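**Q** Questions regarding the structure given below will be posed in turn.
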Amino acid sequence: MFLNNCWYIAAWSRDIERALVARTMLAENLVLYRQQDGAVVALEDACPHRKLPLSKGRLLGDIIECGYHGLQFDCSGNCVLAPTQSRIPPQASVRTYPTAEKYGFVWIWMGDPEHADESKIFEIPNFENPAWGKTDGGVLEIDCHYLWVTDNLLDPSHVAWVHQSSFGAPGTDDTPLRIKTLDDGVVVSRWISDQALPPYYAPLVKFEGNCDRLQHYEVRVPSVCINRSIFTPAGTGGQESELNDKAYVMVSYNFMTPIDENTTTYYWLQHYNNDPHDTVIAKQLNDGAVIAFNEDREILEAVHMGMQNTTTPKLDLALDAGSLRYRKILDGVIAKEQVS
Ligand code: FES
Ligand SMILES: [Fe+2]
């Protein structure tokens with residue numbers, strides 16, 4: 001069961017051009033293309049005649065033509081031509097989905113179009129701030145339920161075992177966690193004091209020696225995951241409001257779009273308060289993220305398979321408190337949507 005009345009990312013904007021692109025989101029098949037005026041169209045990807053995916057057809061101007069018998073549909077999903085007969089069947093139409101573009105992504109509202117409101121797209125602070133750098137980001141398909149990924153992104157401890165060559169460092173295995181409940185999500189966080197820098201961040205941080213480190217893992221409905229890291233010289237951390245100018249801040253934004261119950265598309269970008277014009281650093285960060293997220297992918301695909309076995313024992317640990325709380329919040333929002 002998914003939450004429908006919210007925005008999900010369907011693609012990077014750079015990947016949607018004047019061509020038909022098939023996407024499955026929340027177990028629904030969509031076809032996307034860019035109109036001649038630049039706007040992105042999203043339609044149900046099934047011709048109402050014999051259900052050939054419209055993505056297998058042709059784009060004629062802004063019209064999409066079915067590849068089987070040529071029914072043509074406009075951007076509103078209405079059939080405008082039935083070339084094999086004189087009359088257009090009055091019921092010939094396909095569903096359209098509201099779209100928006102923000103932060104370099106195409107977003108799609110999967111629920112009632114009446115409620116689609118662009119102001120509900122998640123807000124990224126400092127996105128236009130020229131002093132902040134960002135990576136080109138990327139996309140990854142993971143063969144697991146999307147909530148295994150949100151669990152993972154509310155779990156700062158896993159880095160000690162899964163990401164030893166990147167995010168892991170002393171203190172990530174045993175420093176106590178704090179959990180905070182938000183209106184629409186959960187934050188799991190901790191300050192780790194006076195430890196060596198992890199390998200991924202060591203070349204980027206602008207000070208020598210040990211660090212105090214914030215691990216802030218936040219997940220918001222439906223599946224927006226914010227991973228905020230702060231590194232500051234040892235002895236100067238502990239309070240985000242009192243950071244000195246040597247503090248290195250990196251926020252990894254991770255957006256999960258369920259393809260179905262067994263597969264997830266993972267979109268991400270990194271945003272940081274340094275080196276805004278350094279393309280070498282941006283590439284290095286992105287390449288490192290790809291390696292680390294593939295480490296997660298390997299684990300989460302195996303977890304997805306493993307958790308389907310109900311004959312072996314299963315338990316939760318204290319580290320799961322944040323993700324269990326998040327699942328409860330999301331369940332409540334989905335249940336509310338179902339009855340409304
Ligand atoms: S299947 Fe599309 S026109 Fe026949
Ligand atoms: Fe991870």
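The values are calculated or read from the model by the stated rules, or taken from the named source; none is laboratory data. As the structure is a computational prediction, the values presented were derived from the model and not from experiment. Neighbour counts are summed over all protein chains in view; Cβ atoms, including those assigned to glycine, are modelled from backbone coordinates with ideal geometry.
**Q** Consider I291 carefully, then state whether it is touching a residue at least 60 places away in the same chain (Cβ under 8 Å), within 15 Å of ligand 2 (Cβ to nearest atom) and of a type in the set (V, I, T).
**A** Values: touching a residue at least 60 places away in the same chain (Cβ under 8 Å): yes; within 15 Å of ligand 2 (Cβ to nearest atom): yes; of a type in the set (V, I, T): yes.
Yes, satisfied.
**Q** Filter the range 187-202 for residues that are assigned to a loop (DSSP other than H, G, I, E, B) and either buried (at least 16 other Cβ atoms within 10 Å of the Cβ) or in contact with a Ser or Thr (Cβ under 8 Å, 6 or more places away or on another chain) (or both) and give the result. Full working, then the answer.
**A** In the first step, residues of the range 187-202 are kept if they are assigned to a loop (DSSP other than H, G, I, E, B); the result is 196-202.
Residues satisfying the conditions are L197, P198, P199, Y200, Y201.
**Q** Mind listing just one residue for me: the one in the range 57-68 that is of a type outside the set (D, E, K, R), assigned to a loop (DSSP other than H, G, I, E, B) and more than 6 Å from ligand 1 (Cβ to nearest atom) and, of those, surrounded by the most Cβ atoms within 10 Å (Cβ to Cβ)?
**A** G57
**Q** Answer with yes or no whether Y8 is closer than 30 Å to K328 by Cβ, touching a strand residue (DSSP E or B) at 6+ places or on another chain (Cβ under 6 Å) and crowded, with 18+ Cβ neighbours inside 10 Å.
**A** On the way: closer than 30 Å to K328 by Cβ: yes; touching a strand residue (DSSP E or B) at 6+ places or on another chain (Cβ under 6 Å): yes; crowded, with 18+ Cβ neighbours inside 10 Å: yes.
In short, yes.
Residues checked against (1) buried (at least 22 other Cβ atoms within 10 Å of the Cβ); (2) more than 17 Å from Y200 (Cα to Cα):
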{"site": "A131", "(1), (2)": "no, yes"}
{"site": "K134", "(1), (2)": "no, no"}
{"site": "V139", "(1), (2)": "no, yes"}
{"site": "C144", "(1), (2)": "yes, yes"}
{"site": "W148", "(1), (2)": "no, yes"}
{"site": "V162", "(1), (2)": "no, no"}
{"site": "G171", "(1), (2)": "no, no"}
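**Q** Further question: Scan the range 69-92 and give yes if some residue there is in a loop (DSSP other than H, G, I, E, B), of a type in the set (A, V, I, L, M) and more than 10 Å from ligand 1 (Cβ to nearest atom), otherwise no. Let's see the steps before the verdict.
**A** Step one: list which residues in the range 69-92 are in a loop (DSSP other than H, G, I, E, B), which gives 69-71, 74-77, 82-92.
Checking the rest, the ones that are also of a type in the set (A, V, I, L, M) come to 71, 82, 88, 92.
When the remaining residues are screened for being more than 10 Å from ligand 1 (Cβ to nearest atom), the result is 88.
So far as the range 69-92 goes, yes, one or more of its residues are in a loop (DSSP other than H, G, I, E, B), of a type in the set (A, V, I, L, M) and more than 10 Å from ligand 1 (Cβ to nearest atom).
Residue by residue, here is whether (1) in the same structural domain as M25 (by TED's automatic domain parsing); (2) assigned to a loop (DSSP other than H, G, I, E, B); (3) within 16 Å of ligand 2 (Cβ to nearest atom); (4) within 26 Å of L319 (Cα to Cα) holds:
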{"position": "E101", "(1), (2), (3), (4)": "yes, no, no, no"}
{"position": "I179", "(1), (2), (3), (4)": "no, no, no, yes"}
{"position": "L204", "(1), (2), (3), (4)": "no, yes, no, no"}
{"position": "G209", "(1), (2), (3), (4)": "no, yes, no, no"}
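**Q** Search the range 294-325 for residues being away from ligand 2 (no atom under 16 Å from the Cβ) and in a helix (DSSP H, G or I), and hand back the single one that is surrounded by the fewest Cβ atoms within 10 Å (Cβ to Cβ).
**A** Residues of the range 294-325 that are away from ligand 2 (no atom under 16 Å from the Cβ), as a first pass: 305-318, 321, 324-325.
So of that shortlist, the ones also in a helix (DSSP H, G or I) come out as 305-306, 318, 321, 324-325.
Values: M305: 12, G306: 10, A318: 8, A321: 15, L324: 13, R325: 18.
Applying the filter and picking the extreme gives A318.
**Q** In addition: Among the residues of the range 191-199, is any over 22 Å from M110 (Cα atoms) and within 23 Å of the chain's Cα centre (by Cα)? Walk me through it before giving the result.
**A** Keep residues of the range 191-199 that are over 22 Å from M110 (Cα atoms), which gives 191-199.
Checking which are within 23 Å of the chain's Cα centre (by Cα) leaves us with none.
Among the residues of the range 191-199, not one is over 22 Å from M110 (Cα atoms) and within 23 Å of the chain's Cα centre (by Cα), which makes the answer no.
**Q** State all residues of the range 20-56 that are more than 14 Å from ligand 1 (Cβ to nearest atom), within 15 Å of S76 (Cα to Cα) and not in a strand (DSSP E or B); if no residue qualifies, say none.
**A** Q35, Q36, D37, A39
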